[in-house]
1. Report the local net charge at MET117: Lys and Arg +1, Asp and Glu -1, summed over other residues whose C-beta lies under 12 Å from its C-beta.
2. Can you tell me the dipole magnitude for the range 126-200 around its Cα centre, using point charges on the Cβ only (Lys, Arg +1; Asp, Glu -1), in Debye to the nearest 20?
3. Grab the beta carbon distance between ASP219 and HIS42, set R0 = 41 Å, and tell me the FRET efficiency rounded to 0.05.
4. Testing the spin-label approximation: label points 7 Å from Cα along Cα→Cβ at VAL182 and LEU198. State their distance in nm.
5. Compute, for GLU454, the solvent-accessible surface of its heavy atoms (probe 1.4 Å) with the complete set of protein chains present, and express it in square angstrom to the nearest 10.
6. Figure the gain on full extension for SER351 and ALA130 (residue separation times 0.36 nm, minus the Cα-Cα span) and round it to one decimal in nm.
7. Suppose the chain between ARG167 and ARG395 were pulled fully straight at 0.36 nm per residue; how much longer would it get relative to their current alpha carbon spacing?
8. Please report the antiparallel percentage of DSSP beta bridges with both residues in the range 340-464, rounded to the nearest 5.
Amino acid sequence: MGSLVARVDDADVWWVAAAGRQMLATGAVPRTNGWSFVEPDHPWVMHEWLFGPPYAWGLGSLGPRSFALTGALVLAATVGRARHFAVGCVAALVAVVLFAHPTARPTWVALVFPAAMALLAFRETLGRVAAGACVVLELVWANAHGSFPLGVVLLGAGAWAGAIDRRRRIAVSLAAAAVTLVNPYGLRLHALVLDYLLASPGHGIGDLTPLAEYAPLWDVRYFAVHSVAAIALLAALVLSAVWALRDAAHRARAALVLALVPLAVVHARFAPTLAIVAAIVLLPALDDAVARTRLAAYAGGRWRPGRGTLGIYTGVLAGIAAAGFVTVASRPADSWIDPALGGASFLRLASQLPDGAQVVTPFRSAGLVLWLAAPRGVRVFYDSRNDPYSAEMRRVGLTLLERSPGAIVDELERRGTTYALVPSPRGGDPALRRGYDGALGVAPGWSTQARDGEWCLYARRPAP
């Protein structure tokens, strides 16, 4: 059962939950950085704010778990709708198996929105219930993740493709665009999304390129996350869209996919979204392509599970869910933390941070510090929220360890850092160990306060 309750190694889950805890306590969304002692008053538009409260409840009550809803929707939209069973399976394979991530990070959980909207927008007919569902989905999407403009784009493409009820589809597209204004930040949310969309290296959010997911698709670091085979299969979907342009019945679908390609190429983090949308939207074109070949005889017909089959599946899933619930309910808190973020040693040292400490910790672990110690007034130097920092501070936070040991110490002291919770000289990531311990381990103004496993807590000595 241990494999069903994998540890969380994501950097963002923790600060999202910390923000949700704060929202539940204050009844207001965050509007300033707040958790950084370097830039506490810098504006923050938390475009994932709707995830905050459920994350806080989940972490506090059950512990972190990944979300499976996206995979279920993609399977329903591919295997469940394809005229040929094999075509649906291949589409689902590309969309889910090769690009899905078993993490509760909002970026990946939010893939449920394009999957659901693609399923709705390209229905043969858009009835009143489906039309209302599109508008409600877009409203939730706009408050849950910054990728929400894609929903309006999908509805617009569906209006182009649906000649039967085009007027209704156009009206739904306009209504969906209007409800995106119903959010706590107003047009500031749209401005943030535009900044992400138009960002270039060194400008705006473009200075996040030191992170692999914000780099272009051709960046070699990206292939450490997604294999060459996955990229090749995504390229095959794109070529299918080029081929589908020849057919007027599929031209709108193909044009939509091709219009999204440049965004995925420039921002690699968009590649999974492109894969999911392409797999669902291009399904009729792929079905028609197979139907014209001899492969149709081997591709099978539409998958129509009987009630008995569905009952078996439901029972198996319910049993797995119940067993998983019992297992996670009995696990200690420190068993949820992946060693890459710190593990149990990190939790014990974080508890030793005094109230109001101003701490520097590795980029991936800062969100965990906020979840553990922010209620006690502990603040961080820099963390993976990224958005609530100025461009200058983003460059400092993401490239700090590229400096010389003396320059690292000078930067930390100039900003008012009082503690460092970092890998010890004999543990952790080698690059982090060399950077932090190579600087703080020999700095005259710093001393080792505690060691635990592969982690070390340094404290800054008071000035004489």
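1. Charge balance in the 12 Å sphere: 0.
2. 280
3. After rounding to 0.05, the efficiency reads 0.90.
4. Here the modelled spin labels are 2.8 nm apart.
5. Taking all protein chains as shown, GLU454 has close to 100 Å².
6. 74.6 nm
7. Additional length available on full extension: 77.3 nm.
8. Antiparallel bridges make up about 75 percent of those DSSP assigns within the range 340-464.
The values are calculated or read from the model by the stated rules, or taken from the named source; none is laboratory data. As the structure is a prediction and not an experimental result, all values here were calculated from the model. When we count neighbours, we look across all protein chains shown, and the Cβ atoms used for this are built from the backbone with ideal geometry, even at glycine. Accessible surface areas use protein heavy atoms only, side chains included; no ligands, DNA or RNA. Shrake-Rupley method; radii C 1.70, N 1.55, O 1.52, S 1.80 Å.
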